[in-house]
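Data block below; observations after.
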Amino acid sequence: MSEHFTASAPGRVNLIGEHTDYNGGMVLPAALAVGLEVTLAPRGDSAVAVSSGGYDAPAIRDLADEAVGDWADPCVGALREANTLGLLDGGATLDVVSTIPEGSGLSSSAALIVAVLKAARAAKGEGPSDVELAVAARRVENNYMGVPCGIMDQMAVALATPGTAMALDTRLLDYTLVALPSTHELVVVHSGKTRKLTDGRYAARKVECDTAKRYFGTEDLCLLDWDDVVSADLDDAPKNRALHCVSENIRVHSAIAALGAGDMPALGGAMNESHVSMRDLFEMSLPEIDALVETATELGAVGARLTGGGFGGCIVACVEKSAREYWLKALLDRHSDARFIDAVGGV
Ligand code: GLA
């Protein structure tokens with residue numbers, strides 16, 4: 001490559017606060033050690049040439065191309081956005097090296113878009129703040145890729161720092177970094193079931209939330225009162241989605257307080273309740289994932305839950321550091337499709 005610029009972004013795990021980020025609520029993601037690095041060389045034409053060790057074949061596209069539903073879409077979308085922001089004037093050659101498993105709910109797509117935008121900012125030598133880049137990265141997902149996601153993943157991969165979780169108010173984009181416990185680890189285990197945010201189930205949940213939003217005349221389902229939702233004259237699906245949002249938001253606040261106080265049983269309790277709510281009210285789990293979560297707690301995790309957009313992907317479990325090795329082995333022995341991905345904790 002000729003003159004080139006490098007940027008990286010981590011994967012993220014969400015400790016608690018699922019589907020609250022487009023409903024006016026709180027989330028608590030943390031950066032993972034798995035991540036990706038993008039090397040960008042600006043080009044004089046409008047071509048987008050992407051190569052990556054982790055994917056099948058290099059992709060040659062053009063900035064004018066619409067999304068086609070493959071792995072290069074985030075790159076094309078991010079470069080279009082970089083042009084709109086004035087960071088580049090044309091296409092680019094990109095090389096991507098990633099250790100984030102795709103389809104796992106660990107934000108491989110957000111990390112790729114954010115890293116391309118950061119590399120483009122480096123090429124320009126100046127530009128938008130990390131928060132502004134996160135907002136731009138969400139636009140790529142929403143408007144170019146057609147994924148109606150919230151802002152959590154982009155903020156997490158653009159700004160989270162190792163050893164901390166990001167307590168993010170998605171309505172205001174205010175956040176504080178909360179230290180992770182030194183006694184416990186948050187362990188990420190893949191269920192073996194992959195999924196794509198573009199497969200329609202995520203969008204279906206968004207539509208049900210929109211129905212509840214219209215009924216209550218608010219964008220912020222998470223801030224509604226539980227009893228008002230219970231007594232609303234709404235169909236079961238939108239009502240249950242809204243009930244999940246209301247209770248999940250309260251659980252995120254409890255989890256942040258628990259982390260601050262080093263109260264791991266309270267954090268674990270909130271995680272367990274979150275899983276039940278995702279399973280029964282938001283209906284975003286799968287039997288295999290419920291079984292994995294159940295074994296995780298049976299084997300001694302203080303809490304465990306599905307993490308990410310749902311319908312597959314990973315669980316996150318809070319496990320005492322000293323017990324982790326035995327716990328993990330016993331869990332993987334009983335779930336042959338599951339595999340260890342990463343673990344985060346404090347020092
Ligand atoms: C995906 C989306 C996020 C968020 C989660 C669910 O990761 O990209 O915006 O909605 O699902 O919490």
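The values are calculated or read from the model by the stated rules, or taken from the named source; none is laboratory data. Note that the coordinates shown come from a computational prediction; the quantities given were computed from them, not determined experimentally. Don't worry about glycine lacking a Cβ; one is built from the backbone with ideal geometry, like all the others, and counts go over all protein chains shown. Accessible surface areas use protein heavy atoms only, side chains included; no ligands, DNA or RNA. Shrake-Rupley method; radii C 1.70, N 1.55, O 1.52, S 1.80 Å.
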Going from the alpha-carbon gyration tensor of the stretch 184-344, what semi-axes, largest first and in whole Å, does one get by taking the root of 5 times each eigenvalue? 30, 19, 11
Reciprocal mean inverse distance between Cα atoms of the stretch 5-179 - Kirkwood radius, Å: 15.9 Å
For the stretch 140-230, what value does the Rg/Rh ratio take when both radii are computed over Cα atoms and Rh is the Kirkwood radius, given to two decimals? 1.02
In whole angstrom, note down how far apart the Cα centers of the stretch 204-254 and the stretch 13-44 are. 24 Å
Net lengthening on full extension, A47/D235 (0.36 nm per residue, minus Cα-Cα): 62.8 nm
Amide hydrogen neighbours beyond the local backbone of G11, cut-off 5 Å, H modeled: L32, V34, G35, L36
Under the 7 Å Cα-to-Cβ spin-label approximation, K321 and A257 lie apart by a distance in nanometres of 2.7 nm
Suppose R0 equals 30 Å. What FRET efficiency, 1/(1 + (r/R0)^6) with r the Cβ-Cβ distance, do S182 and E132 give to the nearest 0.05? 0.35
At 30 angstrom or more along the helix axis (alpha-carbon based) and mean Kyte-Doolittle of 0.0 or higher, what helices does the chain contain? Whole DSSP H runs only. 236-261
Residue farthest toward the positive end of the dipole of the stretch 266-328, with Cβ of Lys/Arg at +1 and Asp/Glu at -1: which of G268, M284, S322? S322
What fraction, in whole percent, of alpha-carbon pairs in the stretch 18-95 exceed 17 Å separation? 54 percent
Give me the dipole magnitude in Debye, nearest 20, for the chain about the Cα centre, with unit charges on the beta carbon: positive for Lys and Arg, negative for Asp and Glu. 440 debye
Share of the stretch 56-190's accessible area from carbon and sulfur, percent, 1.4 Å? 50 percent
Work from the charge dipole of the chain (Cβ charges, +1 for Lys and Arg, -1 for Asp and Glu, about the Cα centre) and give the residue of T218, V114, N143 farthest towards its positive end. V114
D (µm²/s, integer) via Stokes-Einstein for the stretch 131-179, Kirkwood Rh across alpha-carbon pairs, 10 °C, 1.306 mPa s: value 142 µm²/s
With the dipole of the stretch 145-289 defined by +1 on each Lys or Arg Cβ and -1 on each Asp or Glu Cβ, the option from L173, S254, V230 whose Cα lies farthest towards the positive pole is L173
Heavy-atom accessible area of H4 with all protein chains present, probe 1.4 Å, nearest 10 Å²? 100 Å²
When the convex hull of the C-alpha atoms of the chain is computed, what volume per residue in Å³ does it have? 128 Å³
Can you compute the charge dipole magnitude of the stretch 130-232 about its Cα centre, using +1 on each Lys and Arg Cβ and -1 on each Asp and Glu Cβ, nothing else charged? Give it in debye, rounded to the nearest 20. 560 debye
Taking the chain and dividing mean pair separation by its residue count, relative contact order in percent (alpha carbons under 8 Å, at least six apart): 22 percent
Go ahead and run the numbers for FRET between D174 and R139, Cβ-Cβ distance against an R0 of 22 Å, rounding to 0.05. 0.65
